[in-house]
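The values are calculated or read from the model by the stated rules, or taken from the named source; none is laboratory data. Just so it is clear, the structure is predicted and the values come from calculations on it, not from any experiment. A quick note on method: Cβ atoms are made from the backbone with ideal geometry, for glycine too, and the neighbour counts reach across all protein chains shown.
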Amino acid sequence: MRDSSFSIVKAFGIMLVVFFHCNVLPVVGSLAGSICVSVFFICSGYFFSGKNVQPGGPERFIARRFRSLYVPFLKWAVIFLVLHNLLVHIGVESGSGLGKLYDWQAFSQRLWSVTFNMSGFDEQLSGTFWFFRCLLICSLVMLAILWTIRHWFGEKSLHRAAWVVLLLLVLLVVWKNMLGLKITGVAQGGSRELAGLFMMFSGFLYRKYEAKVPVGWKWWPLCFAILLSVAFFYPSLMSYNQDTPHFFAWTAASYAGFLLLRGIAKAISTHLPKATDFLAYIGDRTLCIFAFHFSAFKVVSLLKVWLLGLPSGLLANHPVTNAGNAWDVPFMALYFIMGVVLPLASKHLYDTYWKNRRRRVVHGLLSHFHKKC
């Protein structure tokens, strides 16, 4: 029987991402932000199979990763680039700062950056697309490291070597931040990639020692206390300019948050079948929410501007439109709900109608071609 608990963990993770981006409550937002992205890297490392480093495995793994991360990134990043100037003209995006209009040279450079470096995308509606690049790079680097370890030392050495890799990653983070170094060729310098790789190897080791790691309800208060302490005293995110103290604080919050979510997810999957189905449905479709919840926010901003009679220029505020009054909190709930529901509904419609229709058209053309032949 399929274990749905990790799908539930990812559902919690993506809902925390959406909540963090629409939040107006500082400490609560810091708590959500400290764990919302790291859980995906831990889960990715957890599911990294030893088969990926066996003969024939790397090729299949690389093909899957490019198909699931690079292809959707490229498709939607290019679409948002093409629409950028139109969205600025109609007031959906800001026309100043990072949102200025693109001339042909700027558009072409961004198109090249999107294609060859997975950077240069629209910083507003595509602002979360760095996640695709980071997860792809971390996955490929992890594959290369574990393949090398297996090739030289054998498969039994993978988990022992993973501890060494974790230590080396910590040293690299400290070295990088002490001297202000950047990983050449990686957009924004590579801080997120080092942090993501650290979490992926943590997830890889967690699977090995899972039975020894407590996630029962008795440990939940301690995990929550760690999360709250980091959020209140030393807010830390998986940011592109994360310094060393914030890296360690973020790591503590990420571990505590993951174990808390894992424990809650296991309890839900055991005792609440209907909630399990609902959350697993969300957790299995996190990428579309990750990519399009900023676009969904614009629908709510349009409604807020219209209902409250706000200046139309506030529609371009990113990621949400705040009125600076008591209406911001109830609208925060609406932003959260629509940030999850609208991307899911769009994906459902796409899968149900357009994708199936496209398959029928392709099948019909192929059948017609074979009859002609």
Selection status of F224, without any contact (Cβ under 8 Å) to a residue 40 or more places away in the chain, farther than 21 Å from V141 by Cβ and exposed (fewer than 13 other Cβ atoms within 10 Å of the Cβ): no
- request: Could you tell me which residue of region 227-265 is surrounded by the fewest Cβ atoms within 10 Å (Cβ to Cβ), considering only residues that are of a type in the set (G, A, S) and assigned to a loop (DSSP other than H, G, I, E, B)?
  value: S239
query: Looking at S38, S4, which one is of a type in the set (S, T, Y) and surrounded by fewer than 24 Cβ atoms within 10 Å (Cβ to Cβ)?
result: S4
- line: Quick count over region 198-222, residues being assigned to a helix (DSSP H, G or I) and over 22 Å from the mean Cα position of the chain (by Cα), is 10
task: Might you check whether a residue that is assigned to a loop (DSSP other than H, G, I, E, B) and surrounded by 13 or more Cβ atoms within 10 Å (Cβ to Cβ) occurs anywhere in region 104-117?
output: no
Failed condition for S94, given (1) at pLDDT below 90; (2) surrounded by fewer than 16 Cβ atoms within 10 Å (Cβ to Cβ): (2)
field: Output for region 1-55, where each listed residue is of a type in the set (V, I, T), assigned to a helix (DSSP H, G or I) and within 25 Å of G324 (Cα to Cα)
entry: V17, V18, V27, V28
message: Of everything in region 329-355, what is buried (at least 17 other Cβ atoms within 10 Å of the Cβ) and more than 17 Å from V17 (Cβ to Cβ)? Give them in sequence order.
response: F331
field: Restricting region 39-82 to residues that are without any contact (Cβ under 8 Å) to a residue 24 or more places away in the chain and under 15 Å from D122 (Cα atoms), the residue that is farthest from the chain's Cα centre (by Cα)
entry: V82
query: From A144, A195, A161, which residue is in a helix (DSSP H, G or I), modelled with pLDDT under 95 and either more than 30 Å from L83 (Cβ to Cβ) or over 17 Å from the mean Cα position of the chain (by Cα) (or both)?
result: A161
statement: Inside region 105-129, the number of residues satisfying the requirement of being aromatic (F, W, Y) and under 15 Å from the mean Cα position of the chain (by Cα) is 1
- prompt: Taking region 163-190, which residues are over 14 Å from S202 (Cβ atoms), in contact (Cβ under 8 Å) with a residue 24 or more places away in the chain and buried (at least 16 other Cβ atoms within 10 Å of the Cβ)?
  reply: N177, V186, A187, Q188, G189
task: Within region 284-321, track down each residue that is in a helix (DSSP H, G or I), without any contact (Cβ under 8 Å) to a residue 40 or more places away in the chain and of a type in the set (A, V, I, L, M, F, W, C).
output: V300, L302, L303, V305, W306, L307, L308, L314
task: State whether one or more residues within region 170-180 are out of contact with any helix residue (DSSP H, G or I) (no Cβ under 7 Å at 6 or more places or on another chain), modelled with pLDDT under 95 and part of a helix (DSSP H, G or I).
output: no
message: Taking the conditions exactly as written (more than 26 Å from H293 (Cα to Cα), more than 19 Å from the chain's Cα centre (by Cα), surrounded by fewer than 19 Cβ atoms within 10 Å (Cβ to Cβ) and aromatic (F, W, Y)), does W152 satisfy them or not?
response: yes
query: Looking at region 290-305, is at least one residue hydrophobic (A, V, I, L, M, F, W, C), more than 22 Å from the chain's Cα centre (by Cα), farther than 12 Å from V92 by Cα and exposed (fewer than 14 other Cβ atoms within 10 Å of the Cβ)?
result: no
